[in-house]
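Accompanying notes for the structure given below.
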Amino acid sequence: EAKLLWNDQYLYVSFVCEDAHIWAEHIERDSPVYKDDCVEVFTSPNPDTLEIYFNVEMNVLGQSLDYIHPEGPGTKAPWDPAVKIATNIEGTLNNDSDIDRYWILEAAIPFAAFSEVAKHTPPEPGDEWRLNLNRLGGKSNFQYSQWSPSTTEEVGFHAPQFFGRV
């Protein structure tokens, strides 16, 4: 389950992830958090340049991996937004001998981080951003889901043409 809110400073995202076996090992920023139980926010903030998009991937430990893709999929450049992340686990991390319930991640992504690409930050009435919310990972029970599914042959998160409209 995911929810979005925004104000003049931040895009707020909340995820509740049901999971029988919660797993995460990466404790440093920009480490491969996608190998852990994680959630992702992919954003293309300007419909005129859909191929320019950002991704913030966040694991259950509150670590993030973030990039801008200045020329679309297959390209990436460092991008370090001051994302605020909080998590909560209802279960036992990295222990497959029991059954966990869920984990929650809440993030505040500053609109200022999108200012070089977006038409307006914060968005103005009538603005359209393209966005996708993804979930993936898990060591013993790998899973994935997308809010706006791509129709690529293999699961494709880096497919801005399939991002939903917000």
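Over the chain, give the accessible area per residue in Å² for a 1.4 Å probe, as an integer. The answer is 52 Å² per residue.
Solvent-accessible area of the chain (1.4 angstrom probe, protein heavy atoms only): carbon and sulfur portion equals 50 percent.
Under 18 Å Cα to Cα from residue 35, which lysines show up? Leave out anything in the same chain fewer than 8 places away. Those lysines meeting the cut-off are 139.
When you filter the chymotrypsin sites (Phe, Trp or Tyr not before Pro) in segment 126-166 for DSSP loop state and at most 12 other Cβ atoms inside 10 Å of their Cβ, you are left with 142.
Net charge of the neighbourhood of residue 57, taken over other residues with C-beta under 9 Å away and scored Lys/Arg +1, Asp/Glu -1, is -2.
Within a straight-line Cα-Cα reach of under 16 Å, residue 84 can be paired with the following aspartates and glutamates, leaving aside sequence neighbours fewer than 8 residues apart in one chain: 8, 28, 30, 40, 57, 66, 106. Among the GluC sites (Glu not before Pro) in segment 70-108, those located in a DSSP loop and surrounded by at most 16 other Cβ atoms within 10 Å of their own Cβ are 71.
Please report the net charge: other residues with Cβ closer than 12 Å to the Cβ of residue 96, K and R +1, D and E -1. Before the final figure, lay out the partial values.
Numbers: positive: 139; negative: 19, 98, 100.
Local charge sum for residue 96: -2.
Of the residues 62, 137, 74, the one that moves most in a GNM of the chain with alpha-carbon contacts below 10 Å is 74.
The values are calculated or read from the model by the stated rules, or taken from the named source; none is laboratory data. Values in this document were obtained by computation on a predicted structure and should not be read as measured data. For neighbour counting, all protein chains shown are included, and Cβ atoms are generated from backbone atoms with ideal geometry for every residue, glycine included. SASA here: full protein model, heavy atoms, side chains in, ligands and nucleic acids out. Shrake-Rupley method; radii C 1.70, N 1.55, O 1.52, S 1.80 Å.
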